[in-house]
Ligand SMILES: [Zn+2]
């Protein structure tokens, strides 16, 4: 089993500036924010809080860590396709996929993550089991 990030509606609205244009349950990946978001300008577009939908190319500010039945090869192929479709170099697919798998493996299954540029946090407020709680504490 491969731990991956998917778009989720869960905990949407917990932050005033939450948004979710992605398709529920689709794979998401983490893109470098645009210059205004990187500099945290007042007119930032919000991509610095976003996770990008692999299939829809639309973003969400909430991503869930789930165990997927995808193999690593299949996962890399999905990332390669979204890169190619989005005009990014598909040759980066393997390193991006590996990075995402490593990142996802550090969180408990079911964690809902939010992002502030390069700072990621599991949200509280949706306790499903003690294991999830422990992982939140571990990431505080
Ligand atoms: Zn932006």
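What follows is calculated from the coordinates using simple rules that are stated; it is not laboratory data. All values derive from a computational prediction rather than experimental measurement. For neighbour counting, all protein chains shown are included, and Cβ atoms are generated from backbone atoms with ideal geometry for every residue, glycine included.
Kirkwood radius, the range 67-107, all distinct C-alpha pairs, inverse of mean reciprocal distance: 10.4 Å. Each principal axis of the Cα cloud of the chain was taken in turn, and the coordinate range along them, longest first, works out to 41, 40, 23 Å. Computed per residue of the chain from DSSP H runs no shorter than four, each worth -39500 (n - 2.57), the mean residue ellipticity at 222 nm is -8500 deg cm²/dmol. Here the relative contact order of the range 2-138, from alpha carbon pairs under 8 Å that lie six or more residues apart, stands at 27 percent. When each of the peptides 99-112, 33-46, 8-21 is scored by how many other beta carbons lie within 10 Å of its residues on average, the order from highest to lowest is 99-112, 8-21, 33-46. Taking 0.36 nm per residue of separation and subtracting the Cα-Cα distance, full extension of the segment from residue 74 to residue 123 would add 14.8 nm.
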